[in-house]
Amino acid sequence: MTSVTSTSLQELIDRADARGLAAAGLACLDRCLPLLAPERAEVLRPVWAAVARGDGALWAEAVAKARVELEGAGGADADAGGVVTMVRAMLDGVPAEWAEEPLRDWAGRCSAVALAVHRLYDATEAGPLHAGELRRQQAVLEAAAHGPTGLRRARELSIEGGRVLRAVVSRRARTA
């Protein structure tokens with residue numbers, strides 16, 4: 001069942017335009033950002049605004065600003081299981097260029113990293129956290145296919161997913 005779902009996720013990525021790809025990658029980063037910088041939840045808001053406008057210059061500027069604001073976040077001491085390193089790689093990999101191929105490559109990598117992160121926090125390899133992340137990624141791509149109007153839904157899914165992941169991480173920390 002997972003392979004069929006994964007294939008359809010890949011098909012959605014393959015068919016997405018630049019805006020959809022940017023939204024997909026950004027949503028994955030946004031959901032995982034609390035693992036890197038829990039106190040900086042809104043740092044990606046200007047990047048979302050650039051996606052909504054489909055403006056390459058605004059995108060490059062917002063991405064550069066977010067990188068500066070998140071510089072040094074999630075120090076190596078807090079990198080349990082390499083999660084911080086994985087999320088940092090998603091942030092560092094954001095292409096400054098608003099073009100389909102670099103965005104497609106980044107969105108694909110972000111998808112894989114977000115799924116891997118969720119799998120690390122799941123009780124079983126293909127547990128509910130991982131399955132929920134897979135569904136969110138598909139829903140984000142489907143919503144973004146509707147253009148700027150679908151981006152609100154994509155961001156809502158991202159916020160919801162971030163809350164779920166934070167709750168799981170918090171619960172695990174309390175029981176450890």
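Derivation of every value follows stated rules applied to the coordinates shown; laboratory data play no part. The structure presented is a predicted model; accordingly, all values stated were derived computationally and were not measured. Using ideal geometry, Cβ is built from the backbone for each residue, glycine included, and neighbour counts are taken over all protein chains shown.
Near residue 70, once Lys and Arg are set to +1 and Asp and Glu to -1 for all other residues with Cβ below 14 Å from its Cβ, the sum equals -1. Here region 33-176 is assigned +1 on the Cβ of each Lys and Arg and -1 on the Cβ of each Asp and Glu. Its dipole about the Cα centre then comes out at about 560 debye.
Within the shell of other residues whose beta carbon sits under 9 angstrom from the beta carbon of residue 161, the net charge comes to 0, with Lys and Arg scored +1 and Asp and Glu -1.
Comparing 130, 118, 146 in a Gaussian network model of the chain (Cα springs below 10 Å), the most mobile by mean-square fluctuation is 146. Using the Karplus relation 6.51 cos²θ - 1.76 cosθ + 1.60 with θ = phi - 60°, the per-residue 3J(HN,Hα) values for region 98-110 come to 8, 8, 4, 5, x, 5, 5, 4, 5, 4, x, 5, 4 Hz, with x marking Gly and Pro.
Can you give the longest run of the chain that contains no GluC sites (Glu not before Pro) sitting in a DSSP loop with at most 16 other Cβ atoms inside 10 Å? In the chain, the maximal stretch lacking such sites is 126-176. Label-to-label distance for residue 149 and residue 96 is 3.6 nm, based on points extended 7 Å past Cα in the beta-carbon direction. Here the Karplus relation 6.51 cos²θ - 1.76 cosθ + 1.60, evaluated at θ = phi - 60°, turns the backbone of region 152-165 into coupling constants of 4, 5, 4, 5, 4, 4, 5, 4, 4, x, x, 5, 4, 5 Hz, with x for every Gly and Pro.
At full extension, residue 160 and residue 8 could sit 52.5 nm farther apart than now, given 0.36 nm per residue minus the alpha carbon distance. Taking 4.7 Å between C-beta atoms as the pairing limit, the chain has these partnerless cysteines: 32. Maximal additional length on extending the residue 125-residue 173 stretch stands at 15.3 nm, based on 0.36 nm per residue less the C-alpha distance.
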